[in-house]
Amino acid sequence: MKTHSIALIPGDGIGTAVTKAAWSVLETVAKQEGFALAGTTFPWSCQTYKDTGAMMPAEGIETLRGFDAILLGAVGWPAEVPDSVSLHGLLLPIRKAFVQYANMRPHRLLPGVEGPLKARDFDILCIRENTEGEYSGAGGRVHQGTDGEVAVETSIFTRMGVERILRFGFEQARKRRGKLASVTKSNAQKYSMVFWDEVTHALASEYPDVQVTSYHIDAMAARMVMAPESLDVIVASNLFGDILTDLGAAIQGGLGFAASANINPDRTAPSMFEPVHGSAPDIAHLGIANPMATIWSGALMLEHLGETSAAGRIMEALATTTAKGIGTRPGQDKTDAITAAVLSSLD
Ligand code: IPM
Ligand code: MN
């Protein structure tokens, strides 16, 4: 029997509950479809940081490298560990070390989910550059605590990085409805964003079958609210993609539905799958986290692993569940009840 080895990193807060829920769905669908999932749990979290002074062991990345994929819940417990420490100690280094340069985030409404918009008929795939740009981590602070303090944080855009994410965007558009929206702010940021626009323009001639349009980030934010059905694939830099995908989550009914795949397209290292949401300390002990975003991320993982039919089954089970009105509104149903409903829809 084919076996996929999966590293599970539940992380902090609601991360544990949603990962457990998604894993039960994944195991069930694997049995039904005749393949196996071998899960190994790594309890790396803010508790690990408190116990050891690091979010993961020094050999953490090398340990993960041996797996076929990673399923992550959420990282962060800001009351005890600053987010700038926890995220730079676990989530962000994995994305970079494993060259997961394409972060794919689908935004569409599951049946029965009331989004905040009149528009219902949208199906957007947001592709976020995931290894450089505004998240490069280049910078520093001097004269700390004095009036002369200086903080510098430099965005880094490389030709390799920009070209590969744009190519990925063109390829995805080709597989979908043939429309690519490339998002920058080149009217204000005259080096990096003008560069991004130029690369977009240069590549366009290689993909004559894709209709590509450049938008500014501010206009794109408005378009996602006013005319989301006009959009197919969006490609954006790391920070712009981060912001637009919370907006995407909002129009699809909330963060409880927003899934994410950190993909290494060259398959030189494992890809990582995680919900867009965070650890949600405010609701972490209430048992009401919606596991659907993580379950959907699990479906993206199976698709990446070549288990297309199993991935489709999960998406159908999610749709059947929401169509019954289960899990469609924040806080309405318990995590366990939503998971049970998804599991029973799998039969
Ligand atoms: C996301 C999150 C992370 C990001 C944070 C937690 C660092 O917001 O995955 O969208 O900005 O990438
Ligand atoms: Mn985000």
How many residues of region 225-249 are over 18 Å from Glu129 (Cβ atoms) and either at pLDDT below 95 or in a helix (DSSP H, G or I) (or both)? The answer is 6
Is it fair to say Tyr215 is open to solvent by less than 20 Å² (accessible area, probe 1.4 Å), farther than 20 Å from Tyr135 by Cα, assigned by TED's automatic domain parsing to the domain that holds Glu134 and out of contact with any Leu (no Cβ under 6 Å at 6 or more places or on another chain)?
no
Scan region 152-172 and tell me whether some residue there is surrounded by 14 or more Cβ atoms within 10 Å (Cβ to Cβ), closer than 26 Å to Gly254 by Cα, among the aromatic types (Phe, Trp, Tyr) and within 22 Å of the chain's Cα centre (by Cα).
no
Number of the condition not met by Val225 [criteria: (1) within 16 Å of ligand 1 (Cβ to nearest atom); (2) touching a helix residue (DSSP H, G or I) at 6+ places or on another chain (Cβ under 8 Å); (3) assigned by TED's automatic domain parsing to the domain that holds Ile156; (4) open to solvent by 10 Å² or more (accessible area, probe 1.4 Å)]:
(1)
Is at least one residue of region 272-288 buried (at least 24 other Cβ atoms within 10 Å of the Cβ), more than 27 Å from Lys118 (Cβ to Cβ), out of contact with any Gly (no Cβ under 8 Å at 6 or more places or on another chain) and assigned by TED's automatic domain parsing to the domain that holds Ile70?
yes
When you go through Thr245, Thr294 one by one, which is the residue that is open to solvent by less than 10 Å² (accessible area, probe 1.4 Å) and not assigned by TED's automatic domain parsing to the domain that holds Gly73?
Thr245
Output the qualifying pairs, or none if there are none: Cβ atoms under 8 angstrom, residues six or more apart or on different chains, first residue in region 232-259 and closer than 29 Å to Ala21 by Cα, second residue within 12 Å of ligand 1 (Cβ to nearest atom) and β-branched (Val, Ile, Thr).
Asn238/Thr131; Thr245/Val276; Asp246/Val276; Ala249/Val276; Leu255/Val276; Ala258/Thr245; Ala258/Val276; Ala259/Val276
Can you find, within region 194-221, the residue that is nearest to Gly178 (Cα to Cα) among those that are part of a strand (DSSP E or B) and not hydrophobic (A, V, I, L, M, F, W, C)?
Gln211
Taking only region 224-270 into account, find how many residues are more than 16 Å from ligand 2 (Cβ to nearest atom) and more than 16 Å from Gly115 (Cα to Cα).
13
Which of the residues belonging to region 1-53 are in a loop (DSSP other than H, G, I, E, B), of a type in the set (A, V, I, L, M) and within 26 Å of Trp77 (Cα to Cα)?
Ile14
Specify which of the listed residues (Phe35, Phe42) is at pLDDT 95 or above and under 20 Å from the mean Cα position of the chain (by Cα).
Phe42
Region 269-298 residues that are more than 27 Å from Phe67 (Cα to Cα) and in contact (Cβ under 8 Å) with a residue 24 or more places away in the chain, paired with ones that are acidic (Asp, Glu) and crowded, with 24+ Cβ neighbours inside 10 Å (beta carbon under 9 Å, 6 or more apart):
Pro281/Asp12; Ala284/Asp12
Helices (runs of 4 or more DSSP H) wholly in region 81-182 with at least 3 residues that are among the aliphatic types (A, V, I, L, M) and under 27 Å from Phe257 (Cα atoms) - which ones?
91-97, 159-175
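For every residue, the table says whether it meets (1) out of contact with any strand residue (DSSP E or B) (no Cβ under 9 Å at 6 or more places or on another chain); (2) modelled with pLDDT under 95; (3) basic (Lys, Arg).
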site	(1), (2), (3)
Ile9	no, no, no
Lys50	no, no, yes
Met56	no, no, no
Gly89	no, no, no
Gly112	yes, no, no
Gly115	yes, yes, no
When every residue in region 60-94 that is within 16 Å of ligand 2 (Cβ to nearest atom) and open to solvent by 10 Å² or more (accessible area, probe 1.4 Å) is compared, the one farthest from Met272 (Cα to Cα) is Pro78
Among Ser5, Ser24, which is at pLDDT 95 or above, open to solvent by 10 Å² or more (accessible area, probe 1.4 Å) and more than 22 Å from Gln100 (Cβ to Cβ)?
Ser24
What number of residues within region 271-295 are under 22 Å from Val99 (Cα atoms) and within 16 Å of ligand 2 (Cβ to nearest atom)?
8
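The values are calculated or read from the model by the stated rules, or taken from the named source; none is laboratory data. Keep in mind the model is a prediction, meaning the values are calculated, not measured. Glycine also receives a Cβ, built like all others from the backbone with ideal geometry; neighbour counts cover every protein chain displayed. Protein only, heavy atoms only, side chains kept; ligands, DNA and RNA dropped before computing areas. Shrake-Rupley method; radii C 1.70, N 1.55, O 1.52, S 1.80 Å.
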